[in-house]
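Asks: I have a structure I would like to understand better, so I am pasting it below and will then ask my questions one at a time.
The values are calculated or read from the model by the stated rules, or taken from the named source; none is laboratory data. Keep in mind that this is a model prediction, so the values were computed, not measured. Please note: Cβ atoms are built from the backbone with ideal geometry, for glycine as well, and neighbour counts cover all protein chains shown.
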2 protein chains.
Amino acid sequence: MKFSKLYAPTTKEAPKDATLPSHQFLVRAGFVAQIGSGLYNFLPLGKRVLRKVEQVVREEMDKSGANEVGLSFVTPSDLWKQSRRYYKFGKELLRIKDRKDNEFLLAPTHEESIVDVVRDKVTSYKQLPLHLYQIGLKFRDEARPRFGLLRCREFIMKDGYSFHANPEDMKREFGVMEETYSRIFSRLGLNFRAVEADSGAIGGSGSKEFMVLASNGEDDILISDASNYAANVEAAKRAKRTCQSERPEANGMQKFYTPECSTIAKVAEFFKVDPFYTIKAVIKKAIYEDSSKVVVFFVRGDDELQETKACNACAALELEDANENDIKEAGLVAGFCGPVSLPEGVEFYIDLELEDEKEMICGANEKDYHAIGVNIINFNKDRFKDLVTVKAGDKALDGGTLSLTKGIEVGHIFQLGQRYSEAMNATFLDENGKAKPFYMGCYGIGVSRLVAVMIEASHDEKGCIWKKECAPFMVHIIISNIKDEEQMNFALNLEKELESLGVEVLCDDRNERFGVKMADFELIGVPFGVVVGKGLAEGEVELVKRAGLEKTKVSKNEIMSRLKELL
Amino acid sequence: MKFSKLYAPTTKEAPKDATLPSHQFLVRAGFVAQIGSGLYNFLPLGKRVLRKVEQVVREEMDKSGANEVGLSFVTPSDLWKQSRRYYKFGKELLRIKDRKDNEFLLAPTHEESIVDVVRDKVTSYKQLPLHLYQIGLKFRDEARPRFGLLRCREFIMKDGYSFHANPEDMKREFGVMEETYSRIFSRLGLNFRAVEADSGAIGGSGSKEFMVLASNGEDDILISDASNYAANVEAAKRAKRTCQSERPEANGMQKFYTPECSTIAKVAEFFKVDPFYTIKAVIKKAIYEDSSKVVVFFVRGDDELQETKACNACAALELEDANENDIKEAGLVAGFCGPVSLPEGVEFYIDLELEDEKEMICGANEKDYHAIGVNIINFNKDRFKDLVTVKAGDKALDGGTLSLTKGIEVGHIFQLGQRYSEAMNATFLDENGKAKPFYMGCYGIGVSRLVAVMIEASHDEKGCIWKKECAPFMVHIIISNIKDEEQMNFALNLEKELESLGVEVLCDDRNERFGVKMADFELIGVPFGVVVGKGLAEGEVELVKRAGLEKTKVSKNEIMSRLKELL
């Protein structure tokens, strides 16, 4: 293809809000253009890459036996009322009314739609398992769209949904998808990990995220050095911590006057103990479908509450910080709150690692008083939940040490169980003729996001560096002087010859300065460049590998064979 | 592919509202499933066909030099305010508000978005021409979605937009697109005509529709027998009509008392003249952006007003029937309205064919009175517009006779001129360094609609009959008895051998009765069936051509070579 016929508006200016390389280069190289907050147009170069990513995903999904479908983007709200997600999803779910005042939503995901597709049509265990997937539009009305394609409102996702007669088969497919996703991300040349994850608003009994390791990632991931254990901080587990310094002695539980000691630091200093032996109270307001309440979470003084874990513990839709008034109304005393003698009716949870702990120091639920010698016993088992933020340096359950790294989520696979099928009354007849809700799995890949992720994973200060699998073109010919007939003829012949072999070529035939053309080559990031310049008179062209920008002079008669080797 | 692994929920029941074969068969054969009014899910078979149509369209568009893009479906309303279409589009345009109360719309088409894409980026005539296209979602909130995929609310369209430095180049590209579209519809095996068309809400200076000729079409098309002239009734022209019977004589204009003669029939009878010599008044209420007014249209007594032409004549957004009150307020007398001595200020238009007509009979704008001897002269030229419905049997401008046929619109190409670029201030510098708004063209194809149109064009009473270019599979193997090991092995080997040649095969390995399998073969409509049944023991299989259901016994050793010939 001639560059003069390609719409690729390259520019030196990055958008003001573009802090990440992928965002800067996607816009600067003319792959995408923003049209609104979190809304992007794919320009020709971006569309080429996007279609290649889609094709890799499609091929691997087809190979795994899934059937491609295309579900309506505009979705009747009624279906989401059946699953109750209509009430549980926050403002990310954009609800719209049509001319007849019927309500619809712009699908952020399609579990409800797919259940409607199979409901009353797949009626027997003999028709199972079944896996349907699509590659299409999604919309999530993000509060803060940012980072270009990494967090948009409208985006392209591959979402697959599987149906099974029993949990074992659901788990088998979960395994198949873990392998399929690994093949996909490997083909895209990404350094990724499948990590234990929280299931969030999708729900279900177990899930894994696929994280591309990248310093600009928004997610915290903990990785063990003793096994392949890796987990999102929202779901990470660790071995129970111990403490070197001495446990404070106490003779039964006693109340102490501790004026001004409303922080763990002050309490530890007051009692001259390691904060490990104190208990921190975090007071939150938990939001439910049509109510809210104050909930207290207790963790060790030197631990931090992990918000997602806390939210799951009390099964809330979300947690807010409790304000002074909430705290007062619940009868609590900020800075002096402890698990013993809490006011009646206050809901609370205690971190699992505190179970059966003895001789602890915590708030006495009375202003300016703390209790010592507190034993965390005799509480109902249900009070104990995993609540803490696992940190770098913590011990892993496998005996190794955990380290922290940053990741960008590119895929998420879920064992949904019967959550949706049960709520939406989608059943099949099992071998005994008994009606049962389907066991389901669901599996997502952020397809348009991957376009950005590949740049985050592979770029230098001058621009993108595309791997072969998804490069917009494979070879970029730069004609130094288009008025030089020899250069022009040689370049056009090379283009033709390569294209006849099915190689995608971008041939820069524009009437632009050589420097402009080279800068565009570096910015766009096609894997191999061929500079056809003055050297041609002596029978030479220059081969440039975009990764590393290594240049080699090659005889004009040998360039085809050299390129063939490389491609 | 094994039928047992394909999700194709076939059924004998058609939806109650399905009157057209395409609607019935698409649902019955499990190509699509409705999820809401005008909203359809594409199931695996439907998705396969859709992707093939898309690929044909893409290949031909790429060949024509257009660049593929992907524009945001959710579109900021602001852009549509710039073009003023925000105010002109009716309820078909679905407007939505996001969490921050900013307004967006679900794009029914993307002229505004594409202008935003090139604005301030394409700045010189040297960067022109440019043609960008996409294949993607559209939404139009139709008042009456119907006919399955033929008139949905959410649908898939190929829309292309071109930019030019002058009208000549815009016309050249219009011609290129006419050829490109002809290649596309020819490849799809459709019997189509490019017809003169009204430009509707898109606007511009000239347009052509591509119509597939089909008895179930919603559009009326007039075709000449003397040339390739064809036109949508909304835009059809004809030669001026004449009348055999004698013109009534009158001695100047006179007023007659004509009680009860409030219809053309009664007037003609009263005066004993051919209705050709009378003038009919059609009183409408024209709706504008923020106003409305009564407009009167005058046509010959034996002609009918063509609503789209009338709407264009007065540049209204739409026309409604004027009610009694509207008529009274305008000072008009229903049934006795004529072009002479109309009340002051009433807007009116006269059909072109009445220009300079003499000795006509029309209403006298007074209850129970008509005027005779009326001459249609001395009116301003702007009053005369093409207003009539051209009918079958009318003479064409080329001297031929026009006949009427039904068509389904599958494509529409427009010469937009500067309508959008001017309104949105999108300019380039011409050869003299002068800023000029772009000349634009736009070109649409109803991609998902084509899936239905291909069935309308090719089916029998048993189901779909796919042509090779877009068939969901090429060969459908029907295993009569899956418990017969010889049958099973032969079929699976045949499947494997065909697939190794890149042939798409559907192999019915289901544990179903033979009759069920044959019915599904006929319903789904794969071009070639191979029945592997009892005959195999004698070394024979049956080859079935879906078109015509012609069956031939073929030796099992020759079936591969026979299929290769056919494919």
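Asks: Being among the charged types (D, E, K, R) and more than 14 Å from every other protein chain (Cβ to nearest Cβ): is that true of B:Glu142 here?
Replies: Values: among the charged types (D, E, K, R): yes; more than 14 Å from every other protein chain (Cβ to nearest Cβ): no.
So B:Glu142 fails the test.
Asks: Within segment B:54-62, is there a residue that is assigned by TED's automatic domain parsing to the domain that holds B:Arg95, surrounded by fewer than 20 Cβ atoms within 10 Å (Cβ to Cβ) and more than 27 Å from B:Ile465 (Cα to Cα)?
Replies: For segment B:54-62, residues assigned by TED's automatic domain parsing to the domain that holds B:Arg95, surrounded by fewer than 20 Cβ atoms within 10 Å (Cβ to Cβ) and more than 27 Å from B:Ile465 (Cα to Cα): present.
Asks: Which one of the conditions (1) surrounded by fewer than 20 Cβ atoms within 10 Å (Cβ to Cβ); (2) modelled with pLDDT of 95 or more; (3) not in a loop (DSSP other than H, G, I, E, B) does A:Ile361 fail to meet, given that it meets all the rest?
Replies: All conditions pass for A:Ile361, except number (1).
Asks: Now, a different point. Please work out if B:Asp220 is in contact with a His (Cβ under 9 Å, 6 or more places away or on another chain), at pLDDT 95 or above and not in a helix (DSSP H, G or I). Reasoning before the result, please.
Replies: Details: in contact with a His (Cβ under 9 Å, 6 or more places away or on another chain): no; at pLDDT 95 or above: yes; not in a helix (DSSP H, G or I): yes.
For B:Asp220, the condition - in contact with a His (Cβ under 9 Å, 6 or more places away or on another chain), at pLDDT 95 or above and not in a helix (DSSP H, G or I) - is not met.
Asks: Sticking with this structure for a sec: Of all residues in segment B:96-106 being under 30 Å from B:Ala315 (Cβ atoms) and more than 9 Å from every other protein chain (Cβ to nearest Cβ), which is surrounded by the most Cβ atoms within 10 Å (Cβ to Cβ)?
Replies: Keep residues of segment B:96-106 that are under 30 Å from B:Ala315 (Cβ atoms), which gives B:96, B:103-106.
Now narrow it down to the ones that are more than 9 Å from every other protein chain (Cβ to nearest Cβ): B:103, B:105.
Numbers: B:Glu103: 14, B:Leu105: 21.
By that ranking, first place goes to B:Leu105.
Asks: For B:Asn216, only one of the following conditions fails: (1) under 17 Å from B:Lys391 (Cα atoms); (2) of a type outside the set (Ser, Thr, Tyr); (3) surrounded by 15 or more Cβ atoms within 10 Å (Cβ to Cβ). What is its number?
Replies: (1)
Asks: Here's something else I'd like to know. Read through the list (1) within 35 Å of the chain's Cα centre (by Cα); (2) surrounded by fewer than 17 Cβ atoms within 10 Å (Cβ to Cβ); (3) under 19 Å from B:Glu357 (Cα atoms), then give the number of the only condition that B:Asn251 fails.
Replies: (1)
Asks: So, of the residues in segment A:18-46 that are within 12 Å of chain B (Cβ to nearest Cβ) and in a helix (DSSP H, G or I), which turns out to be nearest to B:His131 (Cα to Cα)?
Replies: Applying the first criterion (within 12 Å of chain B (Cβ to nearest Cβ)) to segment A:18-46 yields A:27, A:30-46.
Cutting the leftovers down to in a helix (DSSP H, G or I) gives us A:27, A:44-46.
Values: A:Val27: 20, A:Pro44: 11, A:Leu45: 14, A:Gly46: 16 Å.
Checked segment A:18-46; the qualifying residue nearest to B:His131 (Cα to Cα) is A:Pro44.
Asks: For segment B:109-160, which residues satisfy the criterion of being on the phi > 0 side of the Ramachandran plot and crowded, with 22+ Cβ neighbours inside 10 Å?
Replies: B:Gly148 - this is the single residue of segment B:109-160 that is on the phi > 0 side of the Ramachandran plot and crowded, with 22+ Cβ neighbours inside 10 Å.
This table checks each residue for (1) among the aliphatic types (A, V, I, L, M); (2) not in a loop (DSSP other than H, G, I, E, B).
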residue	(1), (2)
A:Ser4	no, yes
A:Tyr7	no, no
A:Lys16	no, no
A:Arg48	no, yes
A:Val57	yes, yes
A:Ser72	no, no
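Asks: Since A:Lys12 meets every condition but one in (1) more than 9 Å from chain B (Cβ to nearest Cβ); (2) free of Cβ contacts under 8 Å to residues at least 12 places away in the same chain, which condition does it not meet?
Replies: Only one criterion is unmet by A:Lys12, namely (2).
Asks: Surrounded by fewer than 19 Cβ atoms within 10 Å (Cβ to Cβ) and assigned by TED's automatic domain parsing to the domain that holds B:Ile477: is that true of B:Gly529 in this structure?
Replies: On the way: surrounded by fewer than 19 Cβ atoms within 10 Å (Cβ to Cβ): no; assigned by TED's automatic domain parsing to the domain that holds B:Ile477: yes.
No: the conditions fail for B:Gly529.
Asks: In segment B:67-95, what residues are farther than 19 Å from B:Ala286 by Cα, more than 10 Å from chain A (Cβ to nearest Cβ) and either among the basic types (Lys, Arg) or in contact with a Pro (Cβ under 6 Å, 6 or more places away or on another chain) (or both)?
Replies: B:Lys81 - this is the single residue of segment B:67-95 that is farther than 19 Å from B:Ala286 by Cα, more than 10 Å from chain A (Cβ to nearest Cβ) and either among the basic types (Lys, Arg) or in contact with a Pro (Cβ under 6 Å, 6 or more places away or on another chain) (or both).
Asks: Identify, please: which residue in segment B:47-66 is free of Cβ contacts under 8 Å to residues at least 24 places away in the same chain and either within 30 Å of B:Thr11 (Cβ to Cβ) or within 20 Å of the chain's Cα centre (by Cα) (or both) and is, among those, farthest from the other protein chains (Cβ to nearest Cβ)? Explain how you work it out, then say what you get.
Replies: Filtering segment B:47-66 down to residues free of Cβ contacts under 8 Å to residues at least 24 places away in the same chain leaves B:47, B:51, B:55, B:59, B:62.
Then drop every residue that is not either within 30 Å of B:Thr11 (Cβ to Cβ) or within 20 Å of the chain's Cα centre (by Cα) (or both), which leaves B:47, B:51, B:55.
Details: B:Lys47: 5, B:Arg51: 8, B:Gln55: 11 Å.
Only one residue tops the list, namely B:Gln55.
Asks: While we're here: Check every one of the strands (runs of 3 or more DSSP E) wholly within segment A:83-199 and list those with 2 or more residues that are touching a strand residue (DSSP E or B) at 6+ places or on another chain (Cβ under 8 Å) and either free of Cβ contacts under 8 Å to residues at least 24 places away in the same chain or of a type in the set (Ser, Thr, Tyr) (or both). Talk me through it step by step, then tell me what you get.
Replies: On the way: elements: A:94-97, A:103-106, A:130-139, A:154-164, A:192-196.
Result: A:94-97, A:154-164.
Results for (1) under 30 Å from A:Gly200 (Cα atoms); (2) crowded, with 16+ Cβ neighbours inside 10 Å; (3) in contact with a Phe, Trp or Tyr (Cβ under 7 Å, 6 or more places away or on another chain), shown as yes or no for each residue.
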residue	(1), (2), (3)
A:Gly331	no, no, no
A:Cys337	yes, yes, no
A:Glu347	yes, no, no
A:Asp351	yes, yes, yes
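Asks: Restricting attention to segment A:161-193, report how many residues are closer than 25 Å to A:Glu456 by Cα and surrounded by fewer than 18 Cβ atoms within 10 Å (Cβ to Cβ).
Replies: Total satisfying the criteria: 8.
Asks: Sticking with this structure for a sec: Is it the case that some residue within segment B:73-84 is basic (Lys, Arg), assigned by TED's automatic domain parsing to the domain that holds B:Gly200 and crowded, with 22+ Cβ neighbours inside 10 Å? Before the answer, list the steps.
Replies: Applying the first criterion (basic (Lys, Arg)) to segment B:73-84 yields B:81, B:84.
Next, only the ones that are assigned by TED's automatic domain parsing to the domain that holds B:Gly200 stay: B:81, B:84.
In the following step, the residues that additionally are crowded, with 22+ Cβ neighbours inside 10 Å were identified as none.
Scanning segment B:73-84 turns up no residue that is basic (Lys, Arg), assigned by TED's automatic domain parsing to the domain that holds B:Gly200 and crowded, with 22+ Cβ neighbours inside 10 Å.
Asks: Against the conditions (1) touching a Pro at 6+ places or on another chain (Cβ under 8 Å); (2) more than 13 Å from chain B (Cβ to nearest Cβ); (3) among the polar types (S, T, N, Q), where does A:Thr109 fall short? Just the number, please.
Replies: (1)
Asks: Can you tell me which of (1) among the hydrophobic types (A, V, I, L, M, F, W, C); (2) surrounded by 19 or more Cβ atoms within 10 Å (Cβ to Cβ); (3) under 23 Å from B:Arg28 (Cβ atoms); (4) within 41 Å of the chain's Cα centre (by Cα) is the one B:Leu543 doesn't meet?
Replies: (3)
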